[in-house]
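The values are calculated or read from the model by the stated rules, or taken from the named source; none is laboratory data. Keep in mind that what you see is a predicted model, and the values were worked out from it rather than measured. A quick note on method: Cβ atoms are made from the backbone with ideal geometry, for glycine too, and the neighbour counts reach across all protein chains shown. The accessibility values were calculated without ligands, DNA or RNA, using every heavy atom of the protein model including side chains. Shrake-Rupley method; radii C 1.70, N 1.55, O 1.52, S 1.80 Å.
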Amino acid sequence: VGGDVVGQQRERAHAAQAFGLVAKKAGGLDVFLRLAGRRGGIVGGGAIATTHFKTLSTIEYVKVIGVYDVLPDRAAEFATQHHVTAYPTLDALLEKVDAIYICTFPQAHREAAVRAAAAGVHICSEKPLAKTVEDGLAIQEAVERAGITFMVAFPFRFIASFMRLKEL
């Protein structure tokens, strides 16, 4: 068991480091890190949201305050598990945060991103950006119109072992 705990801690540390490196390598598109000390929210309460929440919670100046999911029970469970607020609607979450991390299925990225951009909320989105080219272009247009910060998360690119492999 002790080895598992150490392994999990090491994995979270690498993930947090990778997230920070993505932010630096992406030319400052570091949604949560750039907005240090501000309020962040998670859209989607599934397994990947829990993974990203755990990573974000290791960064001392990141404060995730809430979650929204189309399934209220899942949002409530996530909120209870992670000591955040479950919001009944996406708009309710967007009113309370400065940035969101979209952790939904790709077909739901467009709606969340377009609405967040319209609300002036910065966005980090799980990959892929969108399910269709049309959805991706709609997200791009909304982000450009709003002038917000947007990034698609690709943290594994900057994990030390992957960077070393790329050098070879």
| Can you pull out the residues in region 73-88 that are open to solvent by less than 40 Å² (accessible area, probe 1.4 Å) and out of contact with any helix residue (DSSP H, G or I) (no Cβ under 9 Å at 6 or more places or on another chain)? | A75, A79
| query | Does region 30-45 contain at least one residue that is modelled with pLDDT of 95 or more, open to solvent by less than 30 Å² (accessible area, probe 1.4 Å) and more than 15 Å from A99 (Cα to Cα)? | reply | yes
| note | Taking region 46-74 and keeping only residues that are more than 13 Å from T104 (Cα to Cα), in a strand (DSSP E or B) and among the β-branched types (V, I, T), one is left with V64, I65
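Does region 99-109 contain any residue that is farther than 11 Å from V43 by Cα and either free of Cβ contacts under 8 Å to residues at least 24 places away in the same chain or in contact with a Gly (Cβ under 8 Å, 6 or more places away or on another chain) (or both)? Spell out the reasoning first.
If we filter region 99-109 for residues that are farther than 11 Å from V43 by Cα, which is where we start, we get 106-107.
Still in the running and either free of Cβ contacts under 8 Å to residues at least 24 places away in the same chain or in contact with a Gly (Cβ under 8 Å, 6 or more places away or on another chain) (or both): none.
Scanning region 99-109 turns up no residue that is farther than 11 Å from V43 by Cα and either free of Cβ contacts under 8 Å to residues at least 24 places away in the same chain or in contact with a Gly (Cβ under 8 Å, 6 or more places away or on another chain) (or both).
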| field | Selection count where residues are within 18 Å of the chain's Cα centre (by Cα), open to solvent by less than 30 Å² (accessible area, probe 1.4 Å) and either touching a residue at least 40 places away in the same chain (Cβ under 8 Å) or more than 23 Å from T50 (Cα to Cα) (or both), scope region 123-141 | value | 5
| field | Breaking point among (1) at pLDDT 95 or above; (2) of a type in the set (V, I, T); (3) crowded, with 19+ Cβ neighbours inside 10 Å, for V70 | value | (3)
